[in-house]
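Notes follow once the structure below has been shown.
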Amino acid sequence: MGVSVERLYALWGLLALVPMIVLGEVRYRVIVKSCAAFSSFQKEGFYAMRRFMLCIRLRSFCFAFAWCMLVFAYAGISWGTVAVPVQKSGNTVAMVFDISYSMTAPDGPGGVTRLEAASRYARMLLPSLRGNFMCAVIAKGEGVTAVPVTDDSMAVRQVLEHLSPVMMSAPGSSVGKGIKAALRAFPRQMSRYGTVWVFTDGEESDGALQGALADAQSYGVPVVIIGFGSERESEILAGDGKTRVKTALRADRIKKTIAAVKKSRRYGTLPGNAQERDGLLQYVNAADTGSALAVLKSLRNADSGMVQSSFENERIRRHGLFTGLAVAALCLGVVLSEFDLRNVRRKLRAGMAGTGALIVLLCTSCSVRAGDSRRVLESAWAWRQGNYHRATAGFLRTEEHAAGRNDRDMMQYAQYGLAVTYLMQGEEDAAFQRLQNIAPDAPERVLFAALYNSGIIAYHRGNYGDAASFFRQALSLDNTSSDAKLNLELSLEQRALSQAAAQKSNAPQPLQGNNEKASPESSAIFARIREDEQKRWKNQQQALPPSSEADY
């Protein structure tokens, strides 16, 4: 169980305890010295003095502990992982090419080197990746991203045409570091499925492959290892140009590594059934018939283009725990210092009981519905901050819980939250589908917003008639919305213009000579029309709000 700190610099706040403790001790000694100056206090106030000292010490300890917990909460300490549902569409393929000197063995098809065979194989797969994103990673002693994530296949093709061991000076062969570099190349919180294709002969000098495969599986990223070369050993020159070494396709070693990862305890905790987890790790021999089809099958949701749910492991943030402990310590410090402590044990038990009740109240929700409401607010705040990955996960989890309880209102809120999140990510099809799933008996605010955003999507698609219909329905719920009225007028105007353009294109055009001039009456009429249009356009521009863009 690894512990990570998001804001490591925040731990410097613990140094503030030093002046706080010193100042408290100085004030404590001044008070004690002042009280000790009275002889009556020395004779009769011995026990009162002890109680006073105990109160001061306990309060100082509680306040210091509360400060530490607040610092830990702000630092963003997290440990443990949890599988969260996410929705993705499309694929991002990271191609990892082993360019070590073992790949220069000429035992590929037709006598070419393994590296040349891998380059040809990858170029053969590039046309099948049209519409998807990709990146290229080269691995030798280290892993380096040669081409970042892009949809430009020509950039990747240029790298494939120049693969060579001299591209990197790092000695050795480390396929595992190449896989880790591919995982780092994927954008954080990306809305596409990530897949890693490894082109190698299985020769490695550091044994990092197993750990890299385990890391990939913890993120739910499939890895396909494509083997090149012959399993019969052949001699090549090492990087120094003098030493001759034997190399071959280590298919058995690759299969044993994959089997070891699948037998690990960590692999069994991944989300999904056993069949889905087995599909995350594959080995394919490039020389086998149909190997390219097996590689392409690792692309998920490649044909449908629809958004589907999947799971990703996410670290559990513990800021709530630390905040609760800080509040509890503050309350305990006040209780112990402000009340009579002659019966210390009884008071401590009462204070601990009250603190425990407070922690239970803070850490548990009053009801399941209240917990879903809190999750909707957290997801909305994540959406406001631009963290659409966390917002999607929160809305999906709320939808699942509400569906299990048959809570229709909460389901409508979750559906609308997912729709606007997809809309901000450019997934208009998925957003429109979610908006259409909102029932007519949903809360009025949700239904109005759903109709309004449906009109925005229809307008962007050029369906001006549908857009006008959506805006009319929205105005039937709230006729005070100036944005809906403005967008309705724009939709009707655009529909009229498109119909006029269609009629004009279908109508026969009169033939006129190049030297024919319009009559003075026609020129005056056209000038009048242009003047009216300019005035009308200026009036519309002045009536627009400061921000005329569609507000999602």
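The values are calculated or read from the model by the stated rules, or taken from the named source; none is laboratory data. Computed from a prediction, not measured in an experiment: that's the story for all the values here. Backbone-built Cβ (ideal geometry, glycine too); neighbour counts: all protein chains shown. What goes into the accessible areas is simple: the full protein's heavy atoms, side chains included, and nothing from ligands, DNA or RNA. Shrake-Rupley method; radii C 1.70, N 1.55, O 1.52, S 1.80 Å.
A few notes on this one:
- Checking the stretch 240-260 against the condition returns no match, with no residue being under 30 Å from ASN387 (Cβ atoms) and either in a loop (DSSP other than H, G, I, E, B) or of a type outside the set (Val, Ile, Thr) (or both).
- Among the residues of the stretch 118-127, the one identified as surrounded by fewer than 15 Cβ atoms within 10 Å (Cβ to Cβ) and touching a residue at least 40 places away in the same chain (Cβ under 8 Å) is MET124.
- Residues (under 32 Å from the mean Cα position of the chain (by Cα) and open to solvent by 30 Å² or more (accessible area, probe 1.4 Å)) located in the stretch 160-179: LYS177
- Residue among SER164, SER153, SER205, SER174 that is within 23 Å of ALA248 (Cβ to Cβ) and touching a strand residue (DSSP E or B) at 6+ places or on another chain (Cβ under 9 Å): SER174
- The single residue among TYR413, TYR422 that is among the aromatic types (Phe, Trp, Tyr), closer than 30 Å to PRO187 by Cα, part of a helix (DSSP H, G or I) and touching a residue at least 40 places away in the same chain (Cβ under 8 Å) turns out to be TYR422.
- Residues of the stretch 189-226 that are touching a residue at least 60 places away in the same chain (Cβ under 8 Å) and part of a strand (DSSP E or B): TYR193, GLY194, THR195, VAL196, TRP197, VAL198, PHE199, THR200, VAL224, ILE226.
- Selection within the stretch 112-134 - modelled with pLDDT under 90 and in a loop (DSSP other than H, G, I, E, B): ARG130, GLY131, ASN132
- When the stretch 445-471 is filtered for residues that are closer than 25 Å to ASP409 by Cβ and open to solvent by 50 Å² or more (accessible area, probe 1.4 Å), only ARG445 remains.
- Residue within the stretch 232-240 that is at pLDDT below 85 and farther than 18 Å from LEU115 by Cα present: yes
- Residue identified as part of a helix (DSSP H, G or I), under 29 Å from the mean Cα position of the chain (by Cα) and in contact (Cβ under 8 Å) with a residue 12 or more places away in the chain among VAL137, VAL156, VAL149: VAL156
- Taken over the stretch 227-263, residues that are without any contact (Cβ under 8 Å) to a residue 40 or more places away in the chain, out of contact with any Leu (no Cβ under 8 Å at 6 or more places or on another chain) and among the hydroxyl-bearing types (Ser, Thr, Tyr) amount to 0.
- Cβ-Cβ under 7 Å pairs, at least 6 apart or on other chains, the stretch 461-472 side under 11 Å from ASN487 (Cβ atoms), far side surrounded by fewer than 15 Cβ atoms within 10 Å (Cβ to Cβ): TYR464/SER498
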